[in-house]
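S.K.: The structure follows.
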Amino acid sequence: MKGERLKVKGERWNVKGFVSWLKNLSPFPFHLSLPAKRGMTLVEVLAAIMILGVGLTAIMVSLSQCMGLMLASKEYLDAQWVLGLGELKNPIRETDDVKEKVPVAAESLDELLNDEMKKRRYMFEREVEEKPDDTDIEDDGLYVVKSRVYWGGVRYRGYKGSSEEIVRLVLEKK
């Protein structure tokens, strides 16, 4: 740019003259401005590190929650599959005594499962809900049957760990 000339309204100015003309137009005197900074201060570096830390922490928390949700989803999908196996092994057939022939005591289906699924100790059971005796309603032969798969815990005193259940109505043959 050395030696270049600018033409402004018919006059010839050099670059230095133009810069000095710009300085005179500015409301802030150039000679009082701070010198140009090179690099960042310690406070700026610490603030940037804190912002990055908070962002990375939020991402890690989100990823761990997504991972937990995916594992739970896989467990419930496997439970649905095991529930189907239990229904295939112990189908509900037409019977005249639903209370006696439909229930299945809790049993393991390990012989039908692969090694990974055996680790979760899936159990299958089916029960028929008792009808209340104190009602004046005539017995219609309709029973509530619950087929259930549970896993991940020892069954004692009502604790069954995680479970998946299908509820259906079964009509007793008369």
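Throughout, read-outs are computed from the coordinates displayed, never taken from laboratory work. Note that the structure is predicted; figures quoted are calculated from it, not measured. Cβ placement follows ideal geometry from the backbone for every residue including glycine, while neighbour counts extend to all protein chains displayed.
S.K.: Taking R0 as 30 Å, what's the FRET efficiency between M50 and K74 from their Cβ-Cβ distance, rounded to 0.05?
M.R.: Details: r = 37 Å, r/R0 = 1.22.
It comes to 0.25.
S.K.: Beyond 31 Å between alpha-carbons counts as too far, so tell me which of K89/K173; K119/K146; K74/K173 fall in that bin.
M.R.: K74/K173
S.K.: If packing is taken as the average count of other Cβ atoms within 10 Å, what order do 110-117, 67-74, 38-45 fall into, highest mean first? Each step should come with its number before you reach the end.
M.R.: Working: 110-117: 12.1, 67-74: 10.1, 38-45: 8.4.
Final packing ranking: 110-117, 67-74, 38-45.
S.K.: Sum up the charges of everything whose Cβ sits under 13 Å from the Cβ of Q80, counting Lys and Arg as +1 and Asp and Glu as -1, but leave Q80 out. Show your work: numbers first, answer last.
M.R.: Details: positive: K74, R148; negative: E75, D78, E87, E164, E165.
Result for the local shell: -3.
S.K.: What FRET efficiency comes out for N114 versus M60 if R0 is 25 angstrom and r is the Cβ-Cβ distance? Round to the nearest 0.05.
M.R.: The value I calculate is 0.20.
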